[in-house]
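Undergrad: Below: one structure in structure tokens.
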Amino acid sequence: MPVTLKDVINNTVGSNITYVANAYSTSEGQFVWLLIYTDDIELSKLNLTFSTTGTGSLSLTVEPASECTVLRIPYKKFHKYERTRCRERISIISHTQEILVVNYEIPANHSFIITRQGQIDVGKKDTFTLTQTLTPSMP
């Protein structure tokens, strides 16, 4: 999904908070690993030259700007995550090292619940509505 002007503006002045809740478990004491990462590129050098004849040149140097955050979210807990990029992806691994979700793109200001079946349930934008009581997870 391409990054839009709306994404850039929201990333600059928006709240950029994403909540992820864990409802995946068969018993207390279980958890999931949440990997949040990006594969953006960043402009590292810009060279713009003009001559008196009206001609010019432009050269750009870009570099990968990958970041990865790993979180452990216990059953019936949630994590409040402050985003750093317009587009980020998540992968989820269970406490038994089963891969539940791979490369799921998450837009800003949305909340997510990892369901009992290990799937992603996307909440409404700018809200976090739960059907059960969850408490914050400490990183």
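The values are calculated or read from the model by the stated rules, or taken from the named source; none is laboratory data. Bear in mind that the values here come from a model prediction, so they are computed numbers and not experimental data. Virtual Cβ from ideal backbone geometry, glycine too; neighbours counted across all protein chains shown. Areas reflect the complete protein model, heavy atoms only, side chains present, ligands, DNA and RNA absent. Shrake-Rupley method; radii C 1.70, N 1.55, O 1.52, S 1.80 Å.
Undergrad: Heavy atoms of the protein only, probe of 1.4 Å, neighbouring chains included. What is the accessible area of Phe78 in Å², nearest 10?
TA: 40 Å²
Undergrad: I've got another one for you. Which FRET efficiency value, to the nearest 0.05, do you get for Ser59 and Leu35 by plugging their Cβ-Cβ distance into 1/(1 + (r/R0)^6) with R0 = 25 Å?
TA: Rounded to the nearest 0.05, the efficiency is 0.10.
Undergrad: Run the simple label-point estimate for Glu98 and Gln117 please: 7 Å along Cα→C-beta, distance reported in nm.
TA: It is 1.3 nm.
Undergrad: So, counting K/R as plus one and D/E as minus one, what does the shell of residues with Cβ under 14 Å around Ser94 add up to?
TA: Value of the local net charge: +1.
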